[in-house]
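The values are calculated or read from the model by the stated rules, or taken from the named source; none is laboratory data. Keep in mind it's a predicted model, so treat the numbers as computed, not measured. No Cβ is skipped: glycine too gets one built from the backbone with ideal geometry, and neighbour counts run over all protein chains shown. In case anyone asks, the SASA skips ligands and DNA or RNA and just uses the protein heavy atoms, side chains included. Shrake-Rupley method; radii C 1.70, N 1.55, O 1.52, S 1.80 Å.
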Amino acid sequence: MFDIVIVGLGPAGSTLARLLGEKYKIFCLDKRELIEKENIYNKMDKCCGGLISEDAQKSLKKLGLNIPNNIIACDKVSKLDVWDFENNLKTRYSKIFYNIDRYKFDKWLIDMIPKNVRIEYNSRFLQVEKQNDDMYKIKYRKGNEIEEITTKYLIGADGANSLVRKSILKSKEDAPKYIAIQNWYKNTSNLDIQVSIIDKEITDFYSWIISKGKYILVGSALKVGQDSHLKFEKLIDKIKEDGFKIDDDTFIKKQGMHIRRPVNPTKDICLGDGNTFLIGEAAGLISPSSAEGYSYAFDSAMALSKGLRQSEYSRNIKKIRLRIWFANNIKSILTYNDFLRKMFIRSGLKV
Ligand SMILES: Cc1cc2nc3c(=O)[nH]c(=O)nc-3n(C[C@H](O)[C@H](O)[C@H](O)COP(=O)(O)OP(=O)(O)OC[C@H]3O[C@@H](n4cnc5c(N)ncnc54)[C@H](O)[C@@H]3O)c2cc1C
């Protein structure tokens, strides 16, 4: 029997486990194996750009953490290019990102969890049942075995496709679902480039090119069910036509992952119910304009660590909701309105 069960050890779950690990008896489970790997072909790895934004850097500072050198994938990024294929415009912003190896980043955060916290890898959360005595019975699969544990609090930190979230949502309606598709290529020309691509013919979200040391990542967040794979191929063609060299012979792997885009901060963010709480992407906390998610994962874990009560958590998360509202109503409008974007890019301003 545990005080808290945390499902998912991405940035949100591992941060909460670290912050509460010495106060409570905690059990964490993650479906990933999270063992040191020799190659980059692990299907369970999170599909991610691995850029630590200025907001996420501030959150890490609040947590008292400095990014260690061994998780950096390549030099600090100091510029972000925006390619606006619709208006045929290109511009460059100066922004500081850390460019990290996502797997090592997750391992670094997990390694800081206090040793008394029990962690089970390769363990998939299956379902939760409320008991009469205000306890939850949790079922999970480890290998071929189904295991059961009981807990007072359940935390869903299980990302965009959160099963914990599904178990508490009353209606089937949820935030719009996108699929992020990302191709990895060898970085044969040693390019140092970070590009955000805006083109409504491909997606009403955005696409990107990120160099990551030995690799180049080309990705896009596409609406589910709208020929997403064909549109992704079209994106690759458009990038090539624009003069950027993508050598198909250097293709390494394709990744895919869902993103829930919180276009309505009231409806699309779900913080939990009773003694079940959601943090990070499971709660719908991710930027609806850029898909930046680390700062939201860290900030929601910090907010929940201050008190395991819905009213308190909701109060502590007000600023985060406001940021999502801002990203949706100001940044998104500037990004997705052709005329305003053209004016904005030409003005040289930045948000
Ligand atoms: C293509 C793409 C690119 C991105 N690029 C960036 C970027 O450059 N910068 C940035 O800040 N953000 C980026 N994001 C967003 C960022 O990756 C997420 O917001 C962040 O990882 C959320 O952290 P989390 O801990 O909430 O969830 P996750 O990182 O998704 O972690 C969830 C964890 O739960 C586990 N899990 C899931 N289901 C179960 C289950 N049933 N049982 C047990 N375990 C389970 C998973 O294995 C995983 O470890 C990107 C997202 C995508 C899709």
Nonlocal amide H pairs with Gly159, under 5 Å, H built at 1.01 Å: Glu281, Ala282
Volume of the Cα convex hull of segment 132-190, divided per residue and given in Å³: 187
Added length on full extension, which subtracts the Cα-Cα distance from 0.36 nm per residue, Ser78 to Glu129: 13.5 nm
Distance-filtered residues of segment 191-219 - backbone nitrogen under 19 Å, label point 7 angstrom along Lys245 Cα→Cβ: 191-195, 209-218
Dipole axis of the chain (+1 Lys, Arg; -1 Asp, Glu on Cβ), positive-most option in Ile181, Leu16, Tyr313: Tyr313
Percent of Cα-Cα distances greater than 27 Å, calculated over segment 158-304: 30
Placed amide H near Leu222: partners under 5 Å, 5+ positions off or other chain: Ile179, Ala180, Ile181
Label point 7 Å beyond Cα of Asn161 along Cβ direction - residues of segment 177-216 with amide nitrogen under 15 Å: 177-182
Calculated FRET value between Thr150 and Lys318, using beta carbons and R₀ = 56 Å, to 0.05: 0.95
Gain on full stretching of the segment that runs from Leu89 to Lys61 - 0.36 nm per residue minus C-alpha separation: 6.5 nm
Isotropically averaged projected area of the chain, using the convex hull of Cα atoms (one quarter of hull area), nm²: 17.8
Lys/Arg +1, Asp/Glu -1 at C-beta; segment 51-115 dipole; positive extreme among Ser53, Trp108, Trp83: Trp108
Computed label-point distance, nm, for sites Asp227 and Asn329 using a 7 Å Cα→Cβ extension: 3.6
For segment 271-285, 3J(HN,Hα) per residue [Karplus equation, 6.51 cos²θ - 1.76 cosθ + 1.60, θ = phi - 60°, Hz, x = Gly/Pro]: 8, x, 7, x, 9, 9, 10, 10, 9, x, 5, 4, 7, x, 8
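Which value, in debye to the nearest 20, describes the size of the charge dipole of the chain about its Cα centre when Lys and Arg Cβ atoms bear +1, Asp and Glu Cβ atoms bear -1, and nothing else is charged?
The dipole magnitude comes to about 800 debye.
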Separation in nanometres of the label points that stand 7 Å from Cα toward Cβ, at Lys200 and Met1: 5.9
Net dipole in debye of segment 40-154 [+1 Lys, Arg Cβ; -1 Asp, Glu Cβ; about Cα centre; nearest 20]: 240
Cβ-Cβ FRET estimate between Arg141 and Lys306, R0 fixed at 30 Å, reported to 0.05: 0.40
Nonlocal amide H pairs with Gly272, under 5 Å, H built at 1.01 Å: Leu278
Carbon/sulfur fraction of accessible area - segment 107-249, other protein chains in place, 1.4 Å, %: 45
Heavy-atom accessible area per residue - the chain, 1.4 Å, Å²: 48
Helix-only [θ]222 nm of the chain, DSSP H runs n ≥ 4, -39500 (n - 2.57) each, per residue, nearest 500: -7500 deg cm²/dmol
Quotient of C-alpha Rg and 2.2 N^0.38 Å, computed over segment 1-133: 1.30
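First measure r as the distance between the Cβ atoms of Lys170 and Lys234, then evaluate 1/(1 + (r/R0)^6) with R0 = 51 Å and state the FRET efficiency to the nearest 0.05. Mind showing how you got there, number by number?
On the way: r = 38 Å, r/R0 = 0.75.
Taking R0 as 51 Å, the efficiency between Lys170 and Lys234 is 0.85.
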